[in-house]
Structure formats: structure tokens, C-alpha cells
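Take a look at the structure below.
The values are calculated or read from the model by the stated rules, or taken from the named source; none is laboratory data. Keep in mind the model is a prediction, meaning the values are calculated, not measured. Heads up, the Cβs are rebuilt from the backbone with ideal geometry, glycines too, and the neighbour counts pull from every protein chain shown. Calculation scope for accessible area: heavy atoms of the full protein, side chains included, ligands and nucleic acids excluded. Shrake-Rupley method; radii C 1.70, N 1.55, O 1.52, S 1.80 Å.
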Amino acid sequence: MKAGTQHIVRLTCSVVDEQYLADYPDTTPLFERGMAFLKAVLFEPLLPHGQFDPTTFTQQRQNLLTAIKSLDDDKQYLANRRLQELLFAGQPTQAMSALGDITTLGQLTAADILATYHDMLAHDAVHVAIIGDVTADRAQAALATWPLAERSTQAELPYYHWQPRTTVQAGDDWAPVTQAKLNLAYRVPVYRNSADFMATVVFNALFGGTPLSLLFTTVREKASLAYYASSSYNPYTGTISVQTGIQAENQQRVLAIIADQVAVLQRGEIPGNQLAEVKASLLNARLTILDSPQRLLNGRLNAQLTQVTTSLDQWRQALAAVTVADVQRVAQQVTLQATYCLHGGAHNAD
């Protein structure tokens, strides 16, 4: 996965707490067995004669190639990737998928991968998060057997800062799809560690991040111009992306209505009840994370990467403190940077 400037290899292992098993015959608890399994995966790969097995390497490279190609079957993903290529032209580490690209993959050898693997284990930062009925001493005892040498890693924050373009980048393609995919990218110079972070979260929720948003209620419901319309905020790159599914002939009308919704927020024309409802929706979404171990792990990783730890009470207070003026201030910093439309229909399909 990618998080701003960071490229992350993540391993996750989930095991049952044996106290919930009627009859667990093994003397080694499942937590310790799971940790031993992860250790074997990381530090004991199949390396006959000190090299990756050629057959296995070729097969896995082909599997990854197939996975990268299959991503284009998801036309919304394809449209969003093309949008990122427009937005971050000349910055390949930001423009490309976390899985890489086909050209680079085809040039990689088993020796290249092995060297990267050894370098990763020897030098890269390691984040460990454990959730469950496990004490810190027990977790540290399991990790003590892992051959991880001490390392000096710079406390480099993952934020990707960039300068806005003076003109909007636009791209259009054809594809054999029943509905066009119109995506937009905006710059908002607010990151996870910025004072306006929570205000930007609320802005995105009002703009297109929730079913209560302007994009959903205006573009989709009132104007009936989109099968779906939503936005997402990336606090690592300072971007807000809009995704819509439309009829291609409505492209200019949809662009105009989306621009109108940004202008509404820039003028601070937000009914009091809408702001309160969106805040309640965000709080409910935040509380559901408590029921998901995987999302809790994601939250812990984000906190470690950004060096920003926020308790639930602190998050709740920050959310409650956001005002219309705060949202308006963020909205006035939002600038359109790129648009991309993947037109429907088989005509000229590539």
C-alpha cells in the first residue's frame, strides 16, 4: 500500500483466542504460533542456493502482472488512476499504483527483488501493532526471537507537498462501458498534522463524502445527472478527489454543478442542521471503527506514520468545534487541478 511518500509492505495475521475454543489440544497458544508463522514468512523464504526459486519467482511475477492488468477491468479505478497520472505528471512515485507498472515489472529480475528484500529487512522502519487479549510482555517476548537488528530511521513524515498548477489538466478516453466515469482532482493544502485537518474532514463530508453531501443530494438526486457522485480526502497528499458515473453527454452540466457546490461552501452557505447532521454521521462512522480490529490496526499505523495520536475524546471535541467559518476557510483554499472522463460506448474503445 501507499501512504503519501511511503510505500508499505503489510503483513496481517488473525488467530482465534483459544479461550473461546471448546477443545484446543496444542500446548503452544495460537498467538505464539501466529507470531512464529509471521516470523517464518518474513525471515525464512524459499531460497535454494541463496536465490529465489526461478519457477516460483516467474509464477509470482506473472501473478502480479495479471493482478495489475485486471485492475483496469474496474473502470472507476482506471479513471481514477488516469486522473492521478494527470495530477502528478512528472512524479511517477505519486502517479503510479502501489502495485507498480507493467513495464518496470517486466524488467525486474529475481536478483533485484532479493536485494530489495534484504535491504528492507536490514534498514527500513518496522511498525508492529497487536490487538487482542495479549499483554505487552507477551508480545515483546514473541518479537524477541525475530532477527531484527536495531536501525536508525529518519523520522520522515509521509506527507507529499506540491505546488498547484496554473491551468487545469484535462484528459478524455473512450472505453466500452455503459456509463461514463468523470473524475476530478482538487488541491487542498491541509494534511493530517495541519490545524485545519478536522475542518477539511468536515468539508469533504459536506462536499461529497457522505449521503448527506451536496454532491449526492444535488448532482445525483435533484439534478438526476449521476448514477453516483462522491468525494474523498487524502490527508497524505493534500488532495480531494471526486468520482461520478454519468451519461457522457452530460459532462459539461455535471462539471458546472460540481463547481457550483464548491462555490456554495466557499461562500459558507451551509444550513445549520446540515452541518450538525454531517458531524453526527462522521461521529457514528468513527465509532464503528471500535468494532473493527483491522480498522483499529490501520488507525494505529497511521498514528505511527504521522506521529499524530488522537484519542476518541480529542477527536470528538475537535469535530464538535468545527464551525461554518472553518469549513468556509478550507473551501476557499480548494483549487481544481485535473479532470478526467472515461467516456462510455464502444466507439474508438482502446
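Values computed for the structure shown
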item	result
Cα principal axis extents for the range 24-174, largest first, Å	63, 37, 35
Listed residues Gly245, Pro158, Gln51: farthest to the positive end of the dipole of the chain (Cβ charges)	Gly245
Estimated dipole of the chain in Debye, rounded to 20 [Cβ of Lys and Arg +1, of Asp and Glu -1, Cα centre]	960 debye
Most fluctuating residue given options Tyr228, Tyr20, Tyr236, as computed from a GNM of the chain linking Cα atoms under 10 Å	Tyr20
GNM top mover of Ala256, Ala303, Ala205 - the chain, alpha-carbon springs below 10 Å	Ala256
Mean accessible surface per residue for the range 256-346, computed with a 1.4 Å probe while every protein chain stays in place, in Å²	50 Å²
Choice from Gln304, Gln179, Gln163 showing the highest fluctuation, given a GNM over the chain with Cα pairs closer than 10 Å	Gln163
Whole-number D in µm² s⁻¹ for the range 192-246, Kirkwood Cα-pair radius fed into Stokes-Einstein, 10 °C, 1.306 mPa s	139 µm²/s
Calculated SAXS-style log₁₀ I(q)/I(0) at q = 0.13, 0.21, 0.31 Å⁻¹ - the range 116-163, Debye, Cα scatterers	-0.48, -0.92, -1.18
Viscosity 0.890 mPa s, temperature 25 °C, Stokes-Einstein D of the range 85-142 from Kirkwood C-alpha radius, µm²/s	161 µm²/s
Scattering curve values for the range 135-209, log₁₀ I(q)/I(0), Debye with Cα scatterers, q = 0.18, 0.24 Å⁻¹	-0.96, -1.21
The chain, relative contact order [Cα under 8 Å, separation at least 6], %	24 percent
Percent accessible area from carbon and sulfur atoms, the chain, protein chains only, probe 1.4 Å	54 percent
Whole-Hz couplings from phi, Karplus 6.51/-1.76/1.60, listed for the range 240-245; x for Gly and Pro	10, 10, 10, 10, 9, x
Distant alpha-carbon pairs in the range 257-307 (separation over 13 angstrom), percent	71 percent
Alpha carbon centroid spacing (whole Å) that separates the range 193-227 from the range 283-314	22 Å
17 Å Cα-Cα reach of Lys181 towards lysines, excluding residues that sit fewer than 8 places from it in its own chain	Lys75
Met96/Asp23 FRET efficiency (R0 41 Å; Cβ-Cβ; nearest 0.05)	0.25
Helix-only CD estimate at 222 nm, as mean residue ellipticity for the chain, using -39500 (n - 2.57) per DSSP H run (n ≥ 4)	-13000 deg cm²/dmol
Solvent-accessible area per residue for the range 1-152 (1.4 angstrom probe, square angstrom)	66 Å²
Cα principal axis extents for the chain, largest first, Å	63, 51, 44
Alpha carbon Rg of the range 228-322, scaled by the compact-globule rule 2.2 N^0.38 Å	1.36
